[in-house]
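The values are calculated or read from the model by the stated rules, or taken from the named source; none is laboratory data. Because the structure is a prediction, the values reported are computed rather than measured. A quick note on method: Cβ atoms are made from the backbone with ideal geometry, for glycine too, and the neighbour counts reach across all protein chains shown.
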Amino acid sequence: MTLTPDTPRRTLFLNAALVGKPAGRYSVLVDGGVIVNISTGAVVDVPEHTEVVDLARADGSQGWLSPGLIDWHTHFTMNTLATRRLDLSKARSAAAVLEAVAKHIDDPAYDEGGRFVARDLRNAEWPDADKLTRAALDAISATKPIVLVYNGYHSIQTNTPGLKLSGRDTDTDEHKDHSGFLVEADAFGFLVHLQDTADANVLDAWVIGEAERAASLGVTEVVDLEFAQSIESWERRTDKGFKSLRVHIGFYPHHLDDALKRGLKTGDAIPGTNDLVTAGPFKLITDGSLGSQTAFCCDHYPGNPDNRGILAFQGDEIDALCLRATTGGLRLAVHAIGDDALRLVLDKLEKHSAAGSHPLRGSTIEHAQLVHLDDLPRFHKLGLIASIQPRHLVDDRELCHKFWPGREPRAYAFKAIVDAGIPIKLGSDCPVAQLDPWEALACAITRAGPGEQPFVKEQIIDLETAYAASTHNGKLHIAEGERADLVVLGSNPLEQDAAGLRAMVVEGTLLGGNWTYRRGTKA
Ligand SMILES: *[C@@H]1O[C@H](CO)[C@@H](O)[C@H](O)[C@H]1NC(C)=O
Ligand SMILES: *[C@@H]1O[C@H](CO)[C@@H](O)[C@H](O)[C@H]1NC(C)=O
Ligand SMILES: [Zn+2]
């Protein structure tokens, strides 16, 4: 069958098994981008111009249809860049990092337009962390900018050209003795600058490729919390053929005026993007992170009585920004990692709610990595969602023991959150963790990497809860009348253990009735 642009886009699946539904041989008709009919009876007449996909296999098994998957927390462009950068997460010492940098500094595979950028340094256990200095990197190259990004994206080590690239002139008195180490706002600002000054044509092509890779994992939708303003970027990418995902773009405080001026409310389509890109939430980062000991906590960090972490904004700023976003029609996505940051945010939102400005439906607390169990009932009462990234607990379990000792039972307390009636949504926070919903699911149900013991096993959540928190419609199953954003799987995800989830075979992905991925072919 040849499809012309005028041909109605119809797909009929036969002999499908449906995730989350009783066993059976279902027929599913997709027409005009919508799932129009799900039945178990024999299909008498196949409408004209219909692609028929029979999911029966020779061995009697069937292919499984599931709603498409969503990643609720990505930094999509940054992730695209990151996947091309040298991964140093396995380096066990500063010496190992220096050796790897020296080895790859001139490797074209890592050439980011004349810069060398590596990622994911994890220094918690290094015996020689203080050896990674500006001078040590200058000894590798005094001309090419070297930028080493620590895990979590809250800190960066540079050499002298790297520091200069960040806007700090080392020939001036102010910066001549700068360590080359940048944290928090300085680190974020520099990462955005690196991205903003990257070649847009190269970057767009990489982003379109990364979206196709996401589709190959069964992903149909992402929330993109990119630090840089991305309206124009996605318009441009759509012109260049981007079509693999729905993208909800977030707005940070420095984008808020612009978003409100454009009259954008959460859910509104961004013009010129084929309705694939919509206005997402207002994103507010209130505190730091666990790894950099900047998450704002009720208790101080071990050995440092003066440090409970930091707040990125004063309480009254958090107050005003959230209120403006809410009254402007934007749902909230508030980053709160430490228990005191969460407490502060809940205080503010309760106050707004009491005054009639309730956070919009779908508003999230991002991360919620350390919670006071006492705060969960009011979290629930506010109708907020916990947007969580299960892979973080696997990556950061040692940091958690080190920096939040004794508090582990309420760290990444997913079960307690679910039991309090708080809806959860899963995500990766890529590039901090990989964009891979199967990995997130595996971590949620085991709280461990492959072959590891669970981290606080009491907080394991069940697969059905985790799966529903990973689908675009929030359900286990597809339904008539819904958008045909669906995925064809090789086996029933709800019957898998962590290894089975990690090895899940995606046969194909459909977005609004169009194939965005088909195994073994180019969509
Ligand atoms: C769905 O398809 C079945 C089988 O072809 C048919 O009997 C039924 O009437 C259809 N339902 C709707 C709502 O179109
Ligand atoms: C699906 O393809 C049709 C025809 O090319 C197009 O008009 C429509 O916008 C596409 N839908 C999505 C969700 O990409
Ligand atoms: Zn993030």
Within segment 361-462, considering only strands (runs of 3 or more DSSP E) that don't extend past its boundaries, which have at least 3 residues that are more than 21 Å from Leu476 (Cα to Cα) and in the same structural domain as Gly309 (by TED's automatic domain parsing)? 364-367
Residue under evaluation Gln496, criteria (1) under 23 Å from Asp224 (Cβ atoms); (2) away from ligand 1 (no atom under 16 Å from the Cβ); (3) buried (at least 20 other Cβ atoms within 10 Å of the Cβ), criterion not met: (1)
Taking Gly481 as the residue in question, decide whether it is touching a residue at least 24 places away in the same chain (Cβ under 8 Å), away from ligand 1 (no atom under 16 Å from the Cβ) and surrounded by fewer than 21 Cβ atoms within 10 Å (Cβ to Cβ). no
Options Arg213, Arg237: the member that is within 16 Å of ligand 2 (Cβ to nearest atom), assigned to a helix (DSSP H, G or I) and not assigned by TED's automatic domain parsing to the domain that holds Arg483: Arg237
If you go through segment 307-316 one residue at a time, do you hit one that is at positive phi, surrounded by fewer than 20 Cβ atoms within 10 Å (Cβ to Cβ) and out of contact with any Asp or Glu (no Cβ under 9 Å at 6 or more places or on another chain)? no
When you check Gly63 against the structure, is it among the small types (Gly, Ala, Ser), assigned by TED's automatic domain parsing to the domain that holds Asn492, at pLDDT 95 or above and out of contact with any strand residue (DSSP E or B) (no Cβ under 7 Å at 6 or more places or on another chain), yes or no? no
With respect to Thr83, determine if the residue is within 16 Å of ligand 3 (Cβ to nearest atom) and buried (at least 20 other Cβ atoms within 10 Å of the Cβ). no
For segment 5-59, what are the residues that are among the charged types (D, E, K, R) and under 19 Å from Thr516 (Cβ atoms)? Arg9, Arg10, Asp31, Glu51
Any residue in segment 121-139 that is farther than 10 Å from Ser93 by Cα and part of a helix (DSSP H, G or I) sitting within a Cβ distance under 8 Å of a residue that is among the aromatic types (Phe, Trp, Tyr) and at pLDDT 95 or above? List the pairs, counting only those 6 or more apart or interchain. Arg134/Phe181
Taking the criterion of being aliphatic (A, V, I, L, M), surrounded by fewer than 13 Cβ atoms within 10 Å (Cβ to Cβ) and either modelled with pLDDT of 95 or more or within 24 Å of Cys400 (Cβ to Cβ) (or both), would at least one residue in segment 142-156 satisfy it? yes
